[in-house]
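Here is the structure we will look at, set down as structure tokens.
The values are calculated or read from the model by the stated rules, or taken from the named source; none is laboratory data. Because the structure is predicted, anything quoted here is derived from the model rather than measured. As a convention, Cβ positions derive from the backbone with ideal geometry for all residues, glycine included, and neighbour counts pool all protein chains shown. To get the accessible areas, we keep the full protein, side chains included, count just its heavy atoms, and leave off ligands, DNA and RNA. Shrake-Rupley method; radii C 1.70, N 1.55, O 1.52, S 1.80 Å.
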Amino acid sequence: DIVDADGLLNIGLLQMKSGEYDHAVRCFEAALALENVVNRQVLEKNRIIAYEYAGEFQTAKKLMKEYQKAYPQDTSMEKERIFLETR
């Protein structure tokens with residue numbers, strides 16, 4: 001079965017709701033690896049959050065820096081960034 005980025009995003013979000021953060025990360029990363037990903041920003045945002053919830057603060061922090069470079073206009077992740085800075 002072929003799953004597109006939207007499908008993987010939805011599966012990842014469901015995994016996060018059920019506390020399966022490692023599985024969610026895998027879904028988001030698989031979606032980001034696809035060609036022509038139109039919802040890249042949403043996927044990257046959720047990947048950061050999933051890593052954070054999984055306790056992988058260093059990875060989340062690194063991805064947050066990359067996210068900020070790619071989307072400097074997005075201030076919705078500011079609280080997340082501040083939280084990660086303290087970890």
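In table form, for the structure just shown:
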| read-out | value |
| --- | --- |
| Distance-filtered residues of region 1-45 - backbone nitrogen under 13 Å, label point 7 angstrom along D74 Cα→Cβ | 32, 38-45 |
| Relative contact order for the chain, counting Cα pairs under 8 Å that sit 6 or more residues apart, in percent | 23 percent |
| Unit charges on C-beta of K, R, D, E only; dipole of the chain, Debye | 380 debye |
| Fully extended contour minus Cα-Cα distance, from Q58 to D22, at 0.36 nm per residue | 11.5 nm |
| Exceeding the 20 Å Cα-Cα cut-off - candidates K45/K79; K45/K65; K17/K62 | K17/K62 |
| With DNA, RNA and ligands ignored, accessible area of E20 (1.4 Å probe; Å², nearest 10) | 80 Å² |
